[in-house]
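Below: one structure in structure tokens.
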Amino acid sequence: MDLYGELILDHAKRPQHAGLREPFDVEVNHVNPTCGDEISLRVHLDTVDGGAQDGALVLRDVSYDALGCSISVAAASVMAEETLGHPVAETLTTYRHLHAMLTSKGQDPGDPEQIGDAVAFAGVAKYPARVKCALLPWTAYLDALARAGADISAASEHGDRVDP
Amino acid sequence: MTTGRPDAAPLSELEVARIRADFPLLGRSVRGGRPLVYLDSGATSQKPRVVLDAEREFYERHNAAVHRGAHQLAEEATDAFEAARATVAGFLGTDPGQVVFTKNGTEGLNLLAYAFSNAAAPGALDGADPDWARRLHVGPGDEVVVTEMEHHANLVPWQELCRRTGATLRWVGVTDDGELDDRAARLSEVITERTKVVALTHVSNVLGTLNDLRPDSTVVAAARAVGALVVVDACQSAPHLDITALTATDSGVDALVFTGHKTLGPSGVGVLWARRGLLEAMPPFLTGGSMIEIVRMEGSTWAPPPAKFEAGVPMAAQAVGLAAGLDYLTEVGLDRVHAHDQQLMGHTLDLLADRPWVRVLGPEPTHRRVGAVAFVVDGVHPHDVGQVLDDSGVAVRTGHHCAWPLHRRLRLPASTRASFGVYTTLEEVDAFAEALDRVPQIFGMAG
């Protein structure tokens, strides 16, 4: 079956950057009430001082504790890979492309240039019931960013609302 | 009442084949042409053609708003609706006047829970029988008892009743085997002089556990001894068992609910049964048209039950469909439906026992279970198990099945559940077990 690709199974078995770490600015807890999947997620933001990215907000750390199905655990792992050390603005673009792929019902295969390993989740888009599993860590991530004071309006297509 | 061991013979292969031919949906394929193996009847049953025909015929020939209008169609629609009520009454072994149509099981339980808090309003119990009125009084210092194995539908409404009235919620625990911890000594700590309601399920929607609700069972006896109302959620037993004993004069049960869509009927219709005196004393839940006696600008009085609890134009077509579904079960014979379920249950437990990487939840003996087998595959999340089964055309339920506290009690985030209907075959159970063998293959466990 096309849902459980090698990459998803690997991330599910060996989630990258897992475990809650110090220091952090904000911790959030999100659940999927239909299945009980849970994630606790921490973000630690920092402002770049000098250089080409002077003044940009960057993810110094993204740490998490995910309890759930292989899709949601793998999604948390890939989310950490695609955000840790990246500028916030870039991760919002990644999220936007990932969200478009996941909600395309299989029409959008995903662009590895934009979303990296998260293309492995393209198969999830064909299973509407599982899309929320793949989005749970990202929803928690956006919430944590917002609570940490970051502007996340770029996460949505129109920039005026976030509807993960 | 059943102790779990049916006397009747299970349905033969030929009989089940004939039954399946009556369910159009069972003939379809899923996921790229695989034959459907529907093992999610505990969530909702599929519908026989007679149910679909009954609804269609109602709309094509008799449709009108029931209990209104002086025209012939209104008469026919009203007759059909009331005939459906009589069929439900027959199914429950009770009087049609004690059958209230609700939207589903959840609404029936809310109707009961709200009756208690509405009873606290000034004048709400004027004219009510003093004994029933006293039993409907719930306030600070009083207690409402549920069990740890309840579906959220038989838990949250009682939590909310306690919140509204200041009463205290207590619960009967569940053993590691998934049985109610209903030893008399334990129950006497939970069910006390302060208990006003004991609300519990007949059959666990997750574990299939069949609770002993006979009049002399520890739970029912304890509730009776303190005058607490006994409310039974029969949503999971009605599709598989003869439940008429629950409504018998001396059953000790005061009210029960079941839902239509799990019992071969359409969605949008459920049933509340209660003792006549209780129905008469209970204040209404939803108010508006149909449920009134006299309406003046200053205030209104209520119609007698069951109309008092059926505000607005009712779900007549769905009630007619449900009656056809119940007639279908009655025609097969509920003792044989139960025997069929037991055969499926035994076969499923045997096949799962052959797979050491599967851990079955709930009571071990087949006769202690009805309708459902929940299990976990250690190391693989139930959603992933369900997804692999689905890929083979096998439909099961995954998650906490609206029984989150029960899963917490069993120290599990979720489980996978296979559940049966009158149309389920032994071959489908084989197909399910075979599909399950793909789980260790895909997720790389020692299978």
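Can you give me the angle between helix B:334-353 and the longest principal axis of chain B, using Cα atoms only, in degrees from 0 to 90, rounded to the nearest 10?
That works out to roughly 40 degrees.
Could you pull out every whole DSSP H run in chain A that spans at least 20 Å of Cα extent along its own axis and averages -0.5 or higher on the Kyte-Doolittle scale?
Values: long enough: A:88-102 (21 Å, 0.22); A:128-147 (28 Å, 0.42).
Result, helices passing both filters: A:88-102, A:128-147.
Among the residues of the stretch B:408-445, which ones have their accessible area go down by 50 Å² or more when all the protein chains sit together, as opposed to their chain alone (1.4 Å probe)?
Listed in order, they are B:ILE442, B:PHE443.
If you don't mind, another one. Among B:ILE19, B:ALA234, B:SER204, pick out the residue whose Cα is farthest towards the positive end of the charge dipole of the protein assembly as shown, where Lys and Arg carry +1 and Asp and Glu carry -1 on C-beta, about the Cα centre.
B:ALA234
Another question about this same structure. Read phi for every residue in the stretch B:244-253 and hand back ³J(HN,Hα) as whole Hz from Karplus 6.51 cos²θ - 1.76 cosθ + 1.60, θ = phi - 60°, with x for Gly and Pro.
4, 4, 5, 9, 4, 3, 9, 5, x, 8
Continuing with the same structure: Let me know the mean shielding of B:376-384 by other chains, meaning the per-residue number of their Cβ atoms within 10 Å of its Cβ.
Mean inter-chain Cβ contacts per residue within 10 Å come to 5.
So if I place +1 on the C-beta of Lys and Arg and -1 on the C-beta of Asp and Glu, and nothing else carries charge, what would the dipole magnitude of chain A be about its Cα centre? I want it in debye, nearest 20.
Working: 12 positive and 25 negative charges, 116 e Å.
The dipole of chain A has a size of about 560 debye.
Further question: In nm, to one decimal, how far is the modelled label at B:ASP216 from the one at B:ARG163, with both set 7 Å along Cα→Cβ?
4.2 nm
Give the span of the stretch B:91-152's Cα atoms along each principal axis, as three whole-Å numbers ordered largest to smallest.
35, 32, 19
Extension gain A:ASN29-A:ASP111, at 0.36 nm per residue separation less the Cα-Cα distance, in nm? Display every interim value, and only then the final one.
On the way: separation 82, 0.36 × 82 = 29.52 nm, distance 2.93 nm.
Gain on stretching A:ASN29 to A:ASP111: 26.6 nm.
Moving on. If packing is taken as the mean number of other Cβ atoms within 10 Å per residue, what is the order of B:236-242, B:385-391, A:98-104, A:1-7, highest first? Kindly include the intermediate steps, with their values, before the conclusion.
Details: B:236-242: 27.3, B:385-391: 23.1, A:98-104: 20.4, A:1-7: 15.1.
Averaged packing, sorted descending, gives the order B:236-242, B:385-391, A:98-104, A:1-7.
Angle check, please: helix B:316-332 long axis (alpha carbons) against the longest principal axis of chain B (alpha carbons), in degrees 0 to 90, nearest 10.
50 degrees
Moving on to the next point. Please work out whether the stretch A:85-144 counts as rounded, prolate or oblate from its C-alpha gyration tensor, where a ≥ b ≥ c are the square roots of the eigenvalues and a/c under 1.5 means rounded, while otherwise a/b larger than b/c means prolate and anything else oblate?
oblate
Computed from the mean reciprocal separation of all distinct C-alpha pairs, what Kirkwood hydrodynamic radius does the stretch B:335-425 have, in Å? Mind dumping the intermediate values first?
Numbers: mean 1/r = 0.0729 Å⁻¹.
By the Kirkwood definition, the hydrodynamic radius is 13.7 Å.
Pairs of alpha-carbon atoms within less than 8 angstrom and 6+ residues apart define the contacts here; what relative contact order does the stretch A:1-107 have, in percent? List each step's numbers first, then the result.
Working: 165 pairs, mean separation 28.8, N = 107.
After rounding, I find 27 percent.
Against the empirical 2.2 N^0.38 Å scaling, what ratio does the C-alpha Rg of the stretch B:222-314 come to?
Working: Rg = 15.6 Å, N = 93, 2.2 N^0.38 = 12.3 Å.
With N residues counted in the stretch B:222-314, Rg over 2.2 N^0.38 Å equals 1.26.
Ok, one more. Largest first and to the nearest Å, give the Cα extent of the stretch B:152-193 along each principal axis.
32, 25, 10
Quick one: Debye curve from the alpha-carbon atoms of the stretch A:28-163 only, equal weights, vacuum; give me log10 I(q)/I(0) at q = 0.11, 0.18, 0.19 Å⁻¹ to two decimals.
At q = 0.11, 0.18, 0.19 Å⁻¹ the computed log10 ratios are -0.36, -0.99, -1.10.
Now for a different question. Over the stretch A:88-130, what is the relative contact order in percent, taking alpha-carbon pairs closer than 8 angstrom and at least six residues apart? Provide the component values of the computation, followed by the final result.
Working: 44 pairs, mean separation 15.9, N = 43.
For the stretch A:88-130, the relative contact order is 37 percent.
Taking the stretch A:57-115 on its own, what percent of its Cα-Cα pair distances exceed 14 Å? Before the final figure, lay out each step's value.
Values: 1030 of 1711 pairs.
Tail of P(r) above 14 Å: 60 percent of Cα pairs.
Express the Stokes-Einstein translational diffusion coefficient of the stretch B:253-294 in µm² s⁻¹, to the nearest whole number, given a Kirkwood radius over alpha-carbon pairs, 20 °C and a viscosity of 1.002 mPa s.
Working: Rh = 12.3 Å.
Calculated translational D: 174 µm²/s.
While we're here: Among the residues of the stretch A:66-84, which ones have their accessible area go down by 10 Å² or more when all the protein chains sit together, as opposed to their chain alone (1.4 Å probe)?
Residues passing the criterion (a loss of at least 10 Å², heavy atoms only) are A:LEU67, A:GLY68, A:CYS69, A:SER70.
Once you have the Kirkwood Rh of the stretch B:177-233 from its Cα pairs, apply Stokes-Einstein at 37 °C and 0.692 mPa s and quote D in µm²/s. Kindly include the intermediate steps, with their values, before the conclusion.
Numbers: Rh = 11.6 Å.
It comes out at roughly 284 µm²/s.
So, with +1 on the Cβ of K and R and -1 on the Cβ of D and E, and no other charges, what is the size of the charge dipole of the stretch B:85-190 about its Cα centre, to the nearest 20 debye? Intermediate values should be presented prior to the final figure.
Numbers: 9 positive and 16 negative charges, 86 e Å.
Dipole magnitude for the stretch B:85-190 comes out near 420 debye.
Pick out, from B:SER45, B:GLN441, A:HIS11, the residue whose Cα sits farthest towards the positive end of the charge dipole of the protein assembly as shown, with +1 on the Cβ of Lys and Arg and -1 on the Cβ of Asp and Glu.
B:SER45
Using a probe of 1.4 angstrom, how much of the accessible area of the stretch B:341-420 is carbon and sulfur, in percent?
Details: 1210 of 2470 Å².
C and S fraction of accessible area: 49 percent.
Further, regarding this structure: Total Å² of accessible surface buried at the B-A contact, 1.4 Å probe, nearest 100? Show your work: numbers first, answer last.
Details: alone 18120 and 7980 Å², together 24720 Å².
Roughly 1400 Å² of accessible surface disappears when B and A pair.
So for the stretch B:1-69, what percent of the C-alpha to C-alpha distances run longer than 16 Å?
Working: 1635 of 2346 pairs.
Considering the stretch B:1-69, 70 percent of its Cα-Cα pairs are separated by more than 16 Å.
Quick one: the Cα spread of the stretch B:130-280 along its three principal axes, in angstroms, biggest first?
Here the spans come out as 42, 40, 30 Å, largest first.
Now a separate question. How much accessible area per residue does chain B have, counting only protein heavy atoms and a probe of 1.4 Å, in square angstrom? Could you put the intermediate results ahead of the total?
Working: 17420 Å² over 447 residues.
It amounts to 39 Å² per residue over chain B.
Still on this structure, I have one more. List the pairs from A:LYS105/B:LYS262; A:LYS126/B:LYS262; A:LYS105/B:LYS103; B:LYS103/B:LYS308; A:LYS132/B:LYS262 whose alpha-carbon separation is above 23 Å, in the order I gave them. Show your work: numbers first, answer last.
Numbers: A:LYS105/B:LYS262 30 Å; A:LYS126/B:LYS262 28 Å; A:LYS105/B:LYS103 33 Å; B:LYS103/B:LYS308 15 Å; A:LYS132/B:LYS262 27 Å.
Long pairs (Cα-Cα over 23 Å): A:LYS105/B:LYS262; A:LYS126/B:LYS262; A:LYS105/B:LYS103; A:LYS132/B:LYS262.
Okay, next question. Can you work out D for the protein assembly as shown in µm² s⁻¹ from Stokes-Einstein, where Rh is the Kirkwood radius over C-alpha pairs, the temperature is 20 °C and the viscosity is 1.002 mPa s? Walk me through the numbers on the way to the answer.
Numbers: Rh = 26.6 Å.
For these conditions, the coefficient is 81 µm²/s.
State to the nearest 20 debye the size of the charge dipole of the protein assembly as shown about its Cα centre, where the only charges are +1 on K and R beta carbons and -1 on D and E beta carbons. Please list the in-between numbers first.
Working: 52 positive and 81 negative charges, 194 e Å.
For this selection, approximately 940 debye.
Ok, one more. Express the accessible area of the stretch A:40-164 per residue in Å², computed with a 1.4 Å probe while the remaining protein chains stay in the model.
41 Å²
Can you give me the convex hull volume of the Cα atoms of chain B, divided per residue and expressed in Å³? List each step's numbers first, then the result.
Details: hull volume 63.1 nm³, N = 447.
For chain B, the hull spanned by Cα atoms encloses 141 Å³ per residue.
For helix B:426-436, what angle does its Cα long axis make with the longest principal axis of chain B, in degrees from 0 to 90 and rounded to 10?
Compared with the principal axis, the helix lies near 70 degrees.
Sort B:ARG224, B:ARG183 from largest to smallest accessible area, using a 1.4 Å probe on the heavy atoms of the protein chains. Present the calculation step by step, with values, prior to reporting the outcome.
On the way: B:ARG224 110, B:ARG183 140 Å².
Of B:ARG224, B:ARG183, the descending order of accessible area is B:ARG183, B:ARG224.
The values are calculated or read from the model by the stated rules, or taken from the named source; none is laboratory data. Please read these numbers as outputs of a predicted model, since none were measured by experiment. As a convention, Cβ positions derive from the backbone with ideal geometry for all residues, glycine included, and neighbour counts pool all protein chains shown. The area values use the complete protein model at the heavy-atom level, side chains included, leaving out ligands, DNA and RNA. Shrake-Rupley method; radii C 1.70, N 1.55, O 1.52, S 1.80 Å.
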